[in-house]
Every structure is written in C-alpha cells, then in structure tokens.
1. For region 168-288, what relative contact order do you get, as a whole percent, if you take Cα pairs closer than 8 Å and at least 6 residues apart?
2. Could you give the length gained by full extension between Gln319 and Ser416, i.e. 0.36 nm per residue of separation minus their alpha carbon distance, to one decimal place?
3. Taking all protein chains as present, what is the carbon and sulfur share of the accessible area of the chain, in % to the nearest whole number, probe 1.4 Å?
4. In square nanometres and to one decimal, what's the mean projected area of the convex hull around the Cα atoms of region 90-160?
5. Would you compute the Debye intensity of the chain from its alpha-carbon atoms alone, equal scatterers and no solvent, and pass along log10 I(q)/I(0) at q = 0.10 Å⁻¹ to two decimals?
6. Please tell me which of these pairs span more than 20 angstrom C-alpha to C-alpha: Lys5/Lys69; Lys41/Lys101; Lys69/Lys100; Lys5/Lys74?
7. Please list 3J(HN,Hα) in residue order for region 325-334, calculated via the Karplus relation 6.51 cos²θ - 1.76 cosθ + 1.60 where θ = phi - 60°; whole Hz, with x for glycine and proline.
8. Largest first, please: the extent of the C-alpha atoms of region 214-264 along each principal axis, to the nearest Å.
Amino acid sequence: MSPRKGIIEGFYGSPWTDVERIHMVEFAADHGFTHFLYAPKHDPYIREIWREVALTSDRKAHLDAWVAKAKERKLTPGFAVAPGLDVSFADDTDQRCLNKKVGYLVESGIEEIALLFDDIDPTLKDADHQRFVNYAEAQAVMANRLVEYLGEVGSPGIQITFCPTEYWGLQNTWYKAVLARVLRPEISVFWTGRQICSESIVASEARRAEELFQHPIVIWDNYPVNDAEMVHEIHLGPLEGRGPDLLSGVEGYYVNPMSRPNASKIALITVGEYLTDPEHYDPWQAHTRAIEHWGAEYSRSLAELSWVTRYSCCGQGSQYESAVRECSEPNLPPALEDLLSRWVRCAPSELPAPLYSELEPWISKLQALARWVSELPSGNVSTVRALESAVFGNPSLVLGHAIERWVERVRADQRSGEGRSELINTPSRQTDVV
C-alpha cells in the first residue's frame, strides 16, 4: 500500500485565507499529494476553544467548499483537534466534547482526524492523577476512546493520527513505552525526525521510531515551514536530506509549509517530485523545475533569492554567504557585487505578483544592502547612514547573519577614517535612493 502523501497547514501564525486554501488544495492534487490536513496552530477552534463543536455559518460554508474540492480532486481531507492546552482527562465531559466535535467534522466530510498533543505543558491536573498514572497514559486513553466512539456511530474507517508530546528524537523514554503499550494499534503516530526541524531523515531512523512507538509512523516534515524562531527566514530551496528509501518504512509523509502559500510552492513542488520518485530525486534539478513553474522570465530572480536566503534545516547557507564570511577586506566578492548590482532596483514586475508581495521583506533587505554598497564611494553621509538603518532595521535573513557583520565592520572602518572612498573597489553607481 502506498504511503499517504500530505500537506499540513500546520504552522504558527495566521492561517491561509479561504481562497488560498482552495488554491493549495488544487495545487496539492496537481503535484502528487494525496492528503490535505488543516491544522494551523493559531486557529482557536483547533486549540483554545477546542471544545466548541459547530462552526459559524461562514466558516462551515468554507469547510464544505474545500472538503468538496479535495474530494473532487481525489485528496483525503483531514482536520486537527488539539485539546492539550487545558484538557481534563479525568473529566468525562471533555471526552464527550472531543467525540462530539470529531463527529461533527466527520459528518462534514472530514476523513482523517489528527489528535495533537504537541507543544504543550503535559502536566496532569490533580483530578487526572487520581485516574491515570501519567500523561502518556491519559493521552492514549483519550485517543482510544475516540476510536471506540467512531466505531459506535458508524464511522470506523476514519483515520486517527496521533501527534505525541515527544514528537521528535530517538530516545527510548518512558513516554514512548507507555504509548506503545496503551495506544490502540490502528492509530498512527506523527514524528518529525531526530529534530523538530530535521536536517535529514532516513529509513533506518524511521524504523527505529516505529520500534520505539510500536505504531505506524507518519513523517511530519517541518520544511519549508518558517514559524516560531524561523520567522525571519524564507525557505525557497528544495527539499534535501530525505533518504531514497524513507517512504518504504513509513505509513505517510506530510510536509508543513510556510504561512506564505505562494512562496511555499517552490519547495512543495520539489517535495512532490521526491514523493513521486524518491530513488531518482535530484533536489536541484527539481528546484529548477519548481522556479520555472512561475515562468521562465522569473527564473533568474527566484534562483538568486533562493540562494541568498538559503538558511534552513535543509540548507545551511550558500556560496554567497561563505564568500562574505571569508571577507577579510571591506571589498565584496565579485560574484556578490554582480548580484547586488541587479538588486539595486527590483520592480514588482520582475517577479509574479503573488510572490513579490510575500517576499517583499527579503527583497527590501537585499535592495537596501545593494544601495548601501553602491552609495558608499559617494561620500554622501546622510544617504549612507539611512541605508545602514534600512539594513539593520530589517530583520529578514539575507546571507545568514554574515552580511550584518560585514556591514558593521565596514561601517566601523569608515567611521574610524580607514579607507573612505576605497571601501568598495567598484565604481560608484548612479541610483535613486528611496
């Protein structure tokens, strides 16, 4: 049986808009995915007010719309419930709330439920201690009772995928041992790899995770997501570091995109190619095709942005960043000089409109840097200082953190009177400074 191949809308931050979600469902179907799971952390219906059952009429209408679209395109629609923030496991009322909510979602056409206990304080309430030995047992019992309820109401085929509190790593812990013993065998378990955002995931690690949990493993891959501590990164590179035989040892593989849906599509296209043919997958050939998805006229700009912003679990830096790190002089490497000369201006027409709006913070950072380099030889102190402020005031990560360190060093040299117009050994360019 082929593994599930899913996209999870599972990031922190504002969920996609209704229109963006419908478009992503279409996109997923077009690029080899089989499942779409709705699980954004900042949707209160999933976490803070998880006990509420019925959606508002507007939200219910959109749920019906994207579920219908998913089924039309042969995708399995899924929905997450995350009760872990304040659940009382010993309170049968909470179990009934969960069962009723899931029943409502199933009646709405949802075919997979993700029961999430990630990113919580797992401490049991006093009443829970009287009924359960520990929180692993309490979580497993709640999941088991949900499966039993679905069987009783005539929906035994609904897939339940459980996200444990220990959802990464290969440590042999009491928590995993309890889940292995208590959790019903038909429930699969999400796992993100050795790390929350894993540089690599291979089949032998997935098999070890399955041995520890004693349940089928579904990879939850946290790439290209850029939430939490990664909000200043933009992940435009290909999926890398996933073993060619990984899919043979797991029940499913789901990928967690960014809150920027259009920018996510570059990496997602490469994920789709990997899932279609992992043995012959070439990340950078797939990446070339992914940026060409937006049109050949945009390929150069998108390729450059992918490289200058390449900083993630899948790709630590680029040749540009390495060159800046190795600079012992205030002169930039020629390759980076050439790149920056192109980014002094970047009109919206140079990138697809949906991408430009999502990538604008990183484009602005690159433009400010390019203009600063261009203006340094001019001796126009006020303009140079304004552009320095634009560089340091924009936290968007370009060239890792190497470029800020380089700018700081050049600025210090300039202010101490060293170098002056020789700081940059290229002719002054005429630019319009905004």
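1. On the way: 204 pairs, mean separation 29.8, N = 121.
Relative contact order comes out at 25 percent.
2. Details: separation 97, 0.36 × 97 = 34.92 nm, distance 3.02 nm.
31.9 nm is the gain from fully extending Gln319 to Ser416.
3. Numbers: 8870 of 17740 Å².
Carbon and sulfur atoms account for 50 percent of the accessible area of the chain.
4. On the way: hull surface 19.5 nm².
Convex hull of Cα atoms, orientation-averaged projection: 4.9 nm².
5. After summing over all Cα pairs, the log10 values are -0.75.
6. Details: Lys5/Lys69 17 Å; Lys41/Lys101 17 Å; Lys69/Lys100 25 Å; Lys5/Lys74 12 Å.
Over 20 Å apart, Cα to Cα: Lys69/Lys100.
7. 4, 8, 5, 9, 10, x, 7, 6, x, x
8. 36, 21, 19
The values are calculated or read from the model by the stated rules, or taken from the named source; none is laboratory data. Being a predicted model, the structure only gives us computed values, none of them experimental. All Cβ positions, glycine included, derive from the backbone under ideal geometry; neighbour counts span all protein chains shown. Surface areas here come from the heavy atoms of the whole protein model, side chains and all, with no ligands, DNA or RNA. Shrake-Rupley method; radii C 1.70, N 1.55, O 1.52, S 1.80 Å.
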